[in-house]
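So the structure is just underneath, and the comments pick up after that.
Derivation of every value follows stated rules applied to the coordinates shown; laboratory data play no part. Fair warning: this is a prediction, and the values are worked out from it, not measured in the lab. Backbone-built Cβ (ideal geometry, glycine too); neighbour counts: all protein chains shown.
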Amino acid sequence: MNRAQKKEYLEDYAQAKAEGKPFFPYAIYKDHLVAILALGIVILLAVVYRVEIGEPVNAASTDYVPRPEWYFFFLFELLKIFEGSNVLTPVIMGTFIVPNILVVLLLVWPFLDQGPERRIDRRPISLAVAVVVVALLAFLTHEGAKAPLGGAGEGPVLEGLDETGEAGLAVYNANGCASCHMIGGVGATGPGPNLTNEADQNRGVEWQIGHLRVPADFTPGSSMPAYDNLPDEDLESLAVFLEGLGATYTAE
């Protein structure tokens, strides 16, 4: 702060002090009004938008797709923005790089903006940064809230499905395969591979059935669970379905 800025600040402070009102009771009165208003809004939202209690957690379920609480929806959406063939990229960018950049910006901003002025109307850059960050968080929260479930729901929309393909898709959806795999942009980006063009691998139906029964025997180090408890008919339908993805059955 140079001499001219300090003089201007002291003059403004003296004028505000002369025209202002004491902290008690005026400031305390306003603080209480705002606190009561905020509490009233919270109570109103709790009454109008009630949160229902869901079904008890079933550890044996294979089609449950977890979703974050609303205050983490912006991170949930960041994972989708950075989704790709690399499984680690969304996790690293969405949960480490971007949030830490925002935290570092928050910590270093007082050192970057060292001007003496504290009135909002005289700090356009700080105000713009705050508005942009809040707007971005609000937008990502909104997008994350309305995002479709990654591994549940009706599953991918495919063309060319015949009776066997329909049966295989039903098995795929019923066993929560979309919680680890993606087909046509529907499902998770990992840890399993993208199956949209699985037919390009030319593995064969028998390979698919064996892999579904004991994945680690066909893909060393695979974390995929064994589906040897599925009926032979379901295994064959799912294997034919997988072997036709990208050829017989194509994503719209």
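The sum of -39500 (n - 2.57) across all DSSP H runs of n ≥ 4, divided by the residue count of the chain, sets its helix-only mean residue ellipticity at 222 nm to -16000 deg cm²/dmol. Cross-link partners for K30 among the lysines, with Cα-Cα distance under 25 Å and sequence neighbours closer than 8 places in the same chain left out: K17, K21.
Projecting label points 7 angstrom from Cα along Cα→Cβ for L112 and E52 puts them 4.5 nm apart. Under a Cβ-Cβ cut-off of 14 Å, what is the net charge of the residues other than L136 that fall near it, where Lys and Arg count +1 and Asp and Glu count -1? My count for the surroundings of L136 gives -2. Overall, the chain carries a charge dipole of about 2540 debye about its Cα centre when +1 sits on the Cβ of Lys and Arg and -1 on the Cβ of Asp and Glu, all other atoms neutral.
Which net charge results when you count Lys and Arg as +1 and Asp and Glu as -1 among the other residues whose beta-carbon is under 11 Å from that of A247? Mind showing how you got there, number by number?
Numbers: positive: none; negative: E198, D200, E243.
It works out to a net charge of -3.
The Cα atoms of segment 158-251 give a gyration tensor whose axes a ≥ b ≥ c have a/c under 1.5, which makes the shape rounded.
Highest mobility in the GNM of the chain, judged by mean-square fluctuation with C-alpha springs under 10 Å and restricted to L158, L37, L137, is found for L37. Using the Cβ of D232 as centre and a radius below 13 Å, the other residues enclosed give a net charge of -4, where K and R count +1 and D and E count -1.
Legend: helices of the chain (whole DSSP H runs) are marked when their alpha-carbon atoms reach 15 angstrom or more along the helix axis and their mean Kyte-Doolittle hydropathy is at least 1.0; marked are 28-48, 98-112, 124-146. Look at where the Cα atoms of segment 99-137 and of segment 1-48 average out, and the two centres are 20 Å apart. Run the reach check for K80 against lysines, Cα to Cα strictly under 23 Å, same-chain hits fewer than 8 apart removed. What comes back? Correct list for K80: K146. A value for log10 I(q)/I(0) by the Debye sum over Cα atoms at q = 0.09 Å⁻¹ was derived from the coordinates, and within the list (i) -0.64; (ii) -0.53; (iii) -0.40 it appears as (i).
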